[in-house]
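All of the numbers you see were taken from the coordinates with simple rules; none came from a lab. Small disclaimer: the values here were computed from a predicted structure and weren't measured. A quick note on method: Cβ atoms are made from the backbone with ideal geometry, for glycine too, and the neighbour counts reach across all protein chains shown.
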Amino acid sequence: MAIPQRSRVAILSGVKKAIAQVGSYESNMLDIAEHAQVSRATVYNHFSDKDEMLVTLVESEISRLQSLALKASSKVEALFLISREIAVDPALRKMVITDPLDIAKLVTVTDHPLWRQARDAISEVFGSQSSSLILHWLIGQIASPLTEEESAEQASQLASVTP
């Protein structure tokens, strides 16, 4: 991985760590740089502001979850894995508490390019006929995460009723 790409990955990891500690609103570029173990100048070389960084983080997370699902051995396993990732994500858990308006925006389906990316990713993994149902099931878990047992049971049920 080239150095600029490694820095970008480190910065995105730093964003998640900062959000997990203090939430989205309270995180700042200095904290993010510290968590990423890069200089603040390096952060600004990659991102003009925190909003751009957060959009890139969401894009990266969509791609990461899609890759995870594509590697699964079955639809049930893919649904379960994505569900668990959402349920245990420390940044999402913190944002539910500290940044409810951001969470509300995140779970509101719109025509924003990030929603198109999420729909396309779900469609690629599970097919377009199931994508809306699966996407809504996953969205619900952001604010109300499932237990491991609930994830397994609902993933199995959902896979059995989708083409």
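Checking the conditions here, which among Q141, Q129, Q154, Q117 is part of a helix (DSSP H, G or I), surrounded by fewer than 12 Cβ atoms within 10 Å (Cβ to Cβ) and touching a residue at least 24 places away in the same chain (Cβ under 8 Å)? The match here is Q129.
Is it true that S39 is more than 26 Å from S123 (Cβ to Cβ) and of a type in the set (S, T, Y)?
On the way: more than 26 Å from S123 (Cβ to Cβ): yes; of a type in the set (S, T, Y): yes.
Yes, satisfied.
Under the condition of being part of a helix (DSSP H, G or I) and either without any contact (Cβ under 8 Å) to a residue 12 or more places away in the chain or within 17 Å of the chain's Cα centre (by Cα) (or both), the residues counted in region 21-38 number 2.
When the residues of region 44-66 are narrowed to those that are more than 12 Å from the chain's Cα centre (by Cα) and surrounded by 12 or more Cβ atoms within 10 Å (Cβ to Cβ), which ends up farthest from K16 (Cα to Cα)? Only one residue tops the list, namely N45. Residue by residue through region 67-113, note down the ones that are in contact (Cβ under 8 Å) with a residue 24 or more places away in the chain, of a type in the set (A, V, I, L, M, F, W, C) and over 27 Å from S27 (Cβ atoms). Answer for region 67-113, where residues must be in contact (Cβ under 8 Å) with a residue 24 or more places away in the chain, of a type in the set (A, V, I, L, M, F, W, C) and over 27 Å from S27 (Cβ atoms): A69, L70, V76, A78, L79, F80. Any residue in region 42-56 that is among the β-branched types (V, I, T), within 30 Å of F126 (Cα to Cα) and free of Cβ contacts under 8 Å to residues at least 60 places away in the same chain? Yes: one or more hits.
Which residue out of A41, A78, A104 is small (G, A, S), surrounded by 14 or more Cβ atoms within 10 Å (Cβ to Cβ) and assigned to a helix (DSSP H, G or I)? Walk me through it before giving the result.
Values: A41 fails: surrounded by 14 or more Cβ atoms within 10 Å (Cβ to Cβ); A104 fails: surrounded by 14 or more Cβ atoms within 10 Å (Cβ to Cβ).
Only one candidate passes the filter, namely A78.
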